[in-house]
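Colleague: The structure follows.
What follows is calculated from the coordinates using simple rules that are stated; it is not laboratory data. Values in this document were obtained by computation on a predicted structure and should not be read as measured data. We place every Cβ from the backbone using ideal geometry, glycine too, and count neighbours over all the protein chains shown.
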Amino acid sequence: SLIHREVTVNMPTQWGDFKLHAFSQTDSHELHLALVKGAWKKNVPETMFSASELEIGYFLGGLFDSDGSVQKRRPVFTTKWESLAYDIQQLLSLLGIKSSVTHYFVKYKNKKRKYYRTRVIGSKKEVELFLQKVKIIHCKKLNALQNEFESTNIEGEKIKISSVNNIVVPFANKMAKK
């Protein structure tokens, strides 16, 4: 990568606690510093909450194309920002689409990271309403929703779940012949 984080140190001051991040640029070996106070939050722009249904549909479509997936035949938005998850839920509500926000943890480099999911809930009609109002461009994700795939991977491909017997039995038979 072009930028490499060298070190991060805590800097308590009379104005509060800061973090100082030092980065080096790999091509020029220049040193860059970033002084940060507080956590950065990602939110939906305020103007979206008074936008037309069409504008909201295109905005959510872009989010779904980038951060969305299909899980249990339902559209799901995933983010590490709690504020964004609830903003998405509010936009879906403005379109008349029911959704819920949940969280889960992923272990990454021996630390637990919290992620949030905004999931369309309710009957098949909710998914149909989502398809009607949210302007999805990503062909594989659109196809997964239209054809009610159980789930998709990050590329939007249909996940085929194999029976354990299809994996274990042939392997065991092969081992037995040796």
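Colleague: Please state the charge dipole magnitude for the stretch 1-110, taken about the Cα centre, from unit charges on C-beta atoms (+1 on K and R, -1 on D and E), reported in debye and rounded to the nearest 20.
Modeller: Computed about the Cα centre, the dipole is about 600 debye.
Colleague: Moving on to the next point. Using a Förster distance of 30 Å, how high is the FRET efficiency between residue 3 and residue 66, based on the Cβ-Cβ distance and rounded to 0.05? If you can, show how the numbers build up before the last one.
Modeller: On the way: r = 22 Å, r/R0 = 0.74.
Approximately 0.85, to the nearest 0.05.
Colleague: Along the stretch 59-73, what does the Karplus equation 6.51 cos²θ - 1.76 cosθ + 1.60 (θ = phi - 60°) give for ³J(HN,Hα), rounded to whole Hz, x for Gly and Pro?
Modeller: 4, 5, x, x, 5, 5, 4, 9, 10, x, 7, 10, 9, 6, 6
Colleague: I'd like the Karplus ³J(HN,Hα) series for the stretch 87-96: coefficients 6.51, -1.76, 1.60, θ = phi - 60°, whole numbers in Hz, and an x wherever there's a Gly or Pro.
Modeller: 5, 4, 4, 5, 5, 4, 4, 4, 8, x
Colleague: So which chymotrypsin sites (Phe, Trp or Tyr not before Pro) in the stretch 1-91 are both in a DSSP loop and have at most 10 other Cβ atoms within 10 Å of their Cβ?
Modeller: Here the chymotrypsin sites (Phe, Trp or Tyr not before Pro) that fit, given the DSSP loop and packing criteria, are 15, 40.
Colleague: Using DSSP to call loops (not H, G, I, E or B), can you name the trypsin sites (Lys or Arg not before Pro) in the stretch 64-100 whose Cβ has at most 14 other Cβ atoms within 10 angstrom?
Modeller: Sites meeting the loop and neighbour criteria: 72, 80.
Colleague: With unit charges on the beta carbon (Lys/Arg positive, Asp/Glu negative), name the residue among 23, 34, 12 whose Cα is farthest towards the positive pole of the charge dipole of the stretch 5-62.
Modeller: Toward the positive end, the furthest listed residue is 12.
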